Each structure stands twice: as structure tokens, then as C-alpha cells.
């Protein structure tokens, strides 16, 4: 036990994140534009909305983890704040696919530079005072939570098959 | 860094597992039998199949983690090996709900007794020789992977709303 175990645990959590992103990319790439425009179930979100939602949620991890500004701040409104079919202007499907690729790769590069100690430091929506009492509100927990969020939407996107 | 950090990381992973189980229970409890009998999307799995699938997958964690025999071994065939609508005999919905409750609580009690060192020991589908080379194939990684699997199906079950 000790630093070797901590590094192993950090790696396990990051590996789960990456493998879900690989799965997302694979699913998105196999679907035609026509498939992505369909609803995952009658009256529910379309594939294209979920694709944009994933880009916007990934993007919001940058400031939350103290890793810089968002690449696509204009995506928060149509893909996080607003539901699907809100009449908002959306980028094209090919543009959304490219943004997913770019933000995923950008996060990977940023993540590769963090030490275990940095992963266990606070994320930026918790104050230093609160973090002292609640040390689980760290950057690594954001990865756990976002991986589960991703898995949740992958389960839905799989229904477009 | 050290044992405090390791215990914190273990706790973060177990908390994510538990919160997803709480969410699953909440969703299942709000649905009527009629809702659970519906397909999550046209031609896809029914809610009741996914409910049974979660019980069977949870149950299989017991031997995999070295925590005892399965409580419901007869559920592997209809809910893991076979797809939905395979014509297999299924327990009633109220029986499935009760089994979900029992297996989830049983796992929680077993998990509470494990130390961080035990969580980092091998799960039982990896040999001691392979584990030496691949220390990420430990019991805690099973929890990470099963939490993501659970999140994936929660995303689908939410469509029955």
C-alpha cells in the first residue's frame, strides 16, 4: 500500500473514462446522419442532441478541473441548459463529431499531465473551506461521475442500432 | 498521500456504486408493473428483463469477489445468457423487485467488511500469475465496471417514464 496503490487507483479510474470515450466514438462513427437524427425512443432525445450534450459536458470539465477555458462555450445553452427540440441553432452533425473528437483528445492530453496529488485536490465548484471537510469532492471524483454519466447516455445511444 | 488517500479513493468508488443502486431502486419503485412490462424502445429489452438482468449481474458479483455463492443461480440463464423474450420462465415482477432489494443489501453488508487491501486484491476470474502482471484486475475494478454497467441500464430504464 502507498503511492503505488494510489497511482494504480487513479489509473483504473482514468482507464474506465477512456474506454467509455472509445466506446462513444465507435458508436457515433458507425451511425449515419439519418440514424443520429432519430429519437432514441418515441418522444425522447435524438442521437444528435445526445452527441452535442456529451461535447458540452466534456467541455465544461475544463474549467471545473482548473484545466483552462471551454473550447465551445456556446454549446452550454443548446445542449445543457435547454432540452432537445428547443429550436436552438445546432452545429452540423459532422461539426459535432469533430468537436467530440477534439475535446476528448484535449482532455486526454491535459489529464496525462496531472499527478495523483493533483487528482486528489479540490475541483473548482467546491470552496477550500468545504473541501477541507469533504475531501471526496476532488478532481478524480469528477472523472468517476462523468464516466457514469457517459455510460448512462451510451446505454441510450445504443438503442439507435 | 498514503493510506488516508487510498481509503478515500475506495470510499469514492463505493459511494458511486451505492448512489447508482439507490437511483435504480427509486426508478424501479416508481414504475407500475404495466410500465415495467413495456419495451424501453420499440423492439428493445423490456423493463422487467433489465430488472432481472441487474439482479443476476449483481448476484454474480458474489463468487467473482470471493464473497460466497450466488443467492439466485437460476437467474443467470434467463437474464444473462439468454436475451429478452426467449420464452424462459421468469419470476414475477414483485419477486424480482424483492430479489433486487435483497441482493443489493447483501452486497452492501459484504462490502462493508472489506479493507482497502482486500479491495486491491485479485478478483476470482484472474489467475494469481496474471494478476501479478496486471494488478488493475482487482476487486475494486469490478465495482467501477459494474457501476458503469448499472449507469448504462439506468439510462435505458429512465426512458420508461
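Brief remarks on what is shown
- For region B:1-74 versus region A:1-40, the gap between their alpha-carbon centres in whole angstrom: 20
- Size descriptor, Kirkwood hydrodynamic radius, that averages inverse alpha-carbon separations across the protein assembly as shown, Å: 21.0
- Sorted from nearest, the other copies put their residue B:113 label points 4.8 nm away, the label point being 7 Å from Cα in the direction of Cβ.
- With semi-axes defined as the square roots of five times the eigenvalues of the C-alpha gyration tensor, the equivalent ellipsoid of region B:36-86 measures 24, 10, 7 Å, largest first.
- Placing a label point 7 Å from Cα along the Cα-to-Cβ direction at residue A:37 gives distances to the equivalent points in the other copies of 3.7 nm, listed shortest first.
- Chain B - percent relative contact order, Cα under 8 Å, separation 6 or more: 32
- For region A:100-122, backbone nitrogen atoms closer than 17 Å to the point 7 Å from residue A:132 Cα along Cα-to-C-beta are found at A:121-122.
- Residues of region A:123-161 falling in the label zone of residue A:64, defined by backbone nitrogen less than 14 Å from a point 7 Å along Cα to beta-carbon, are A:123-126, A:137-153.
- Shielding value for B:141-151 is 5, the average number of Cβ atoms from other chains within 10 Å of each residue's Cβ.
- For region A:59-152, diffusion coefficient by Stokes-Einstein and Kirkwood Rh (Cα), 20 °C, 1.002 mPa s, µm²/s: 144
- Cα→Cβ-extended label distance, 7 Å offset, between residue B:108 and residue A:3, nm: 3.8
- The smallest convex shape that holds all Cα atoms of chain B, its convex hull, gives 122 Å³ per residue.
- The modelled label-to-label distance for the pair residue B:15/residue A:81, using points 7 Å beyond Cα in the direction of Cβ, is 3.0 nm.
- Across the identical copies, the label point of residue B:73 (7 Å from Cα in the Cβ direction) is separated from its matches by 6.1 nm, in order from shortest.
- Using the Cα coordinates of region B:1-87, the gyration tensor eigenvalues translate into equivalent-ellipsoid semi-axes of 30, 18, 10 Å, sorted from longest to shortest.
- Think of it as helices only: each DSSP H run of n ≥ 4 in chain B is worth -39500 (n - 2.57), and spread over all residues that comes to -20000 deg cm²/dmol at 222 nm.
- Value of D in µm² per second that Stokes-Einstein yields for region A:110-161, Kirkwood Rh from Cα pairs, at 20 °C (1.002 mPa s): 170
- Rg/Rg_ref, region B:64-115, where Rg_ref = 2.2 N^0.38 Å and atoms are Cα: 1.34
A short reminder: the numbers here are calculations on the coordinates, not readings from a lab. Just so it is clear, the structure is predicted and the values come from calculations on it, not from any experiment. Note that each Cβ is placed from the backbone with ideal geometry, even for glycine, and that neighbours are counted across all protein chains shown.
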